[in-house]
Amino acid sequence: MTRIAGWSGLVLGIACLAGGLQGFLGAGSTVSLVTGIVAGGILLWSSARTARGGRLAPGIMVGVAFLIMAGFIAAYFQTYRFWPPLVMVILGCLTFGLGVLGLVLDRYQPSAGGPRGL
């Protein structure tokens with residue numbers, strides 16, 4: 001399940017990079033460029049590590065997805081625009097949900113020896 005979350009984190013990371021670049025080119029916002037590069041880079045790294053079975057990376061990916069989701073919810077209700085706020089909220093929710101689900105399911109997998117104590 002964390003592999004699916006890794007792929008959704010990859011898509012969110014690419015969207016962060018694209019949104020930051022668009023904010024810089026369109027509005028001259030250096031803050032958009034820097035945050036897009038930082039958040040996108042962290043998401044790309046953590047999604048690659050998550051897909052390979054890393055232990056710390058899924059938590060980092062879920063945390064960054066939550067921060068992106070929370071930040072863009074406010075931006076969406078100010079502008080009611082589809083791109084970038086609503087797209088980032090949808091991708092952030094998807095990555096956050098799949099990441100948490102993956103963490104829970106990977107944590108509670110049965111052991112290779114089968115059930116014990118019964």
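The values are calculated or read from the model by the stated rules, or taken from the named source; none is laboratory data. What you are looking at is a predicted structure, and each value in this text was computed from that prediction instead of being measured. Because the Cβ atoms are built from the backbone with ideal geometry, glycine has one as well, and the counts that use them run over all protein chains shown. Note: accessible area is taken over every heavy atom of the protein model, side chains too, but ligands, DNA and RNA are not part of it. Shrake-Rupley method; radii C 1.70, N 1.55, O 1.52, S 1.80 Å.
Quotient of the Cα radius of gyration of the range 61-103 and 2.2 N^0.38 Å, N being its number of residues: 1.13.
In the chain, helices alone account for a calculated mean residue ellipticity at 222 nm of -27500 deg cm²/dmol, with every DSSP H run of four or more residues adding -39,500 (n - 2.57).
The ellipsoid equivalent to the alpha-carbon distribution of the range 1-83 has semi-axes of 24, 13, 10 angstrom, derived from the gyration tensor eigenvalues as √(5λ) and listed largest first. Karplus-based coupling profile of the range 4-15, in residue order and whole Hz: 5, 4, x, 5, 5, x, 5, 5, 5, x, 5, 5, with θ = phi - 60° in 6.51 cos²θ - 1.76 cosθ + 1.60 and x standing for Gly or Pro. Can you give me the % of accessible surface on the range 20-80 that is carbon or sulfur? Probe 1.4 Å, all protein chains present, nothing else counted. Its accessible area is 70 percent carbon and sulfur atoms. In the chain, excluding the sites themselves, the longest stretch lacking any of the trypsin sites (Lys or Arg not before Pro) that are in a DSSP loop with at most 16 other Cβ atoms within 10 Å is 1-51. In loop segments of the range 17-98 as defined by DSSP, the chymotrypsin sites (Phe, Trp or Tyr not before Pro) with at most 10 further C-beta atoms inside 10 Å of their C-beta are TYR80.
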